[in-house]
1. Restricting the first residue to region 189-212 and requiring it to be in a loop (DSSP other than H, G, I, E, B), which pairs with a second residue that is at pLDDT below 95 and hydroxyl-bearing (Ser, Thr, Tyr) meet a Cβ separation below 6 Å and a spacing of at least six or different chains?
2. Would you pick out the residues in region 99-118 that are in contact (Cβ under 8 Å) with a residue 60 or more places away in the chain and within 19 Å of Ala219 (Cβ to Cβ)?
3. Which of the following residues is closer than 28 Å to Ile235 by Cβ and either more than 18 Å from the chain's Cα centre (by Cα) or outside any helix (DSSP H, G or I) (or both): Asn110, Asn39, Asn93, Asn35?
4. Before we move on, is Ser75 hydroxyl-bearing (Ser, Thr, Tyr), more than 25 Å from Leu231 (Cα to Cα) and surrounded by fewer than 23 Cβ atoms within 10 Å (Cβ to Cβ)?
5. Quick check: anything in region 56-63 over 20 Å from Met216 (Cα atoms) and in contact (Cβ under 8 Å) with a residue 40 or more places away in the chain?
6. Any idea which of Leu67, Leu8 is in a helix (DSSP H, G or I) and not β-branched (Val, Ile, Thr)?
7. Search region 78-90 for residues being more than 20 Å from the chain's Cα centre (by Cα) and among the basic types (Lys, Arg), and hand back the single one that is surrounded by the fewest Cβ atoms within 10 Å (Cβ to Cβ).
8. What's the number of the condition Lys73 fails, among (1) touching a residue at least 40 places away in the same chain (Cβ under 8 Å); (2) under 16 Å from the mean Cα position of the chain (by Cα); (3) under 30 Å from Asp205 (Cβ atoms)?
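The values are calculated or read from the model by the stated rules, or taken from the named source; none is laboratory data. All figures in this text were calculated on a predicted structure; none of them were measured in a lab. Here Cβ is always computed from backbone atoms with ideal geometry, including for glycine, and neighbour counts include all displayed protein chains.
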Amino acid sequence: MINSKELLKETENGLTNIKKIKPLTQCITNIVTSNDCANAVLTVGGSPMMADDAEEEEEVVGINNALEINIGKLSKDQREAMFVACKKANEENIPITLDPVGVGISTLRNEVVLKIINNYELASIRGNMSEIKTIARLIGIINEETIAKGVDVADDDIISKDNLKRNGKIVKDLANQLNTIVFASGPIDIISDGENTYTIENGSDMMPRITGSGCMLSAVVAAFIGSNKPLIGVITAGLTTAIAGEIAGEYCKENNLGTGNFRAYFIDELYKMNYETIKKMAKFNSLEI
């Protein structure tokens with residue numbers, strides 16, 4: 001296993017690389033969170049592109065450093081754009097991050113996710129634990145049923161100390177089966193490349209109370225992968241986002257501020273994030289499974 005302390009040191013390069021490369025990050029996402037995702041990519045040092053028309057995807061993806069696919073809103077036209085973009089990204093060795101929003105709540109979402117994971121090589125999958133468990137069930141890793149609350153995580157799937165090992169094994173097995181990095185986010189984040197598994201215990205309980213915190217995280221993951229090796233990119237993105245949320249949440253609670261202010265302070269802290277803050281605040285550990 002790669003030691004978590006060694007990986008934590010690598011986040012300094014992760015932060016440096018994204019600002020140096022300014023990865024052009026194509027996000028095919030949903031209208032609810034498109035503006036938030038674009039801002040999140042900008043704040044961490046990337047350059048967002050939000051094109052979602054199939055007719056231009058080959059040209060657009062070909063000039064990008066990373067591609068993020070978010071299935072939050074699945075129109076017929078957008079689905080076509082996703083498949084064209086994924087095909088072109090694989091042809092050009094451009095890393096793809098999949099955010100399987102709400103997979104499990106409809107046959108359509110299940111079919112789209114299965115088509116993507118069965119036909120295209122992914123650099124990472126980022127979802128809540130209900131979404132990760134649903135994918136694991138769809139490909140036969142587990143038999144356990146899970147029903148999310150719409151696009152939110154089911155209460156029984158919220159990652160905690162009590163279920164950490166069990167959920168960690170699902171994340172690790174899925175990463176191994178799909179040969180990708182799987183990032184299950186929650187009060188405790190779990191990240192695995194199929195061989196090594198890690199946890200992040202930073203964050204704020206205000207994060208799920210704003211629309212788009214998960215979508216922003218996936219866009220940030222894509223941008224960091226577009227400028228770093230995938231595992232370092234995912235870990236740097238996870239720590240950057242969780243610590244930014246923790247700082248913003250603490251400030252809002254200390255000053256009796258609500259979620260509207262939290263959104264703004266969260267973006268501010270993403271912009272301000274640096275290695276010294278990560279090194280000081282990171283609750284990042286290896287998970288033995």
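1. Filtered contacts from region 189-212: Gly212/Thr33.
2. Matches in region 99-118: Asp99, Val101.
3. Among Asn110, Asn39, Asn93, Asn35, only Asn93 is closer than 28 Å to Ile235 by Cβ and either more than 18 Å from the chain's Cα centre (by Cα) or outside any helix (DSSP H, G or I) (or both).
4. The answer is yes for Ser75.
5. No: region 56-63 contains no residue that is over 20 Å from Met216 (Cα atoms) and in contact (Cβ under 8 Å) with a residue 40 or more places away in the chain.
6. Leu8
7. Lys87
8. (2)
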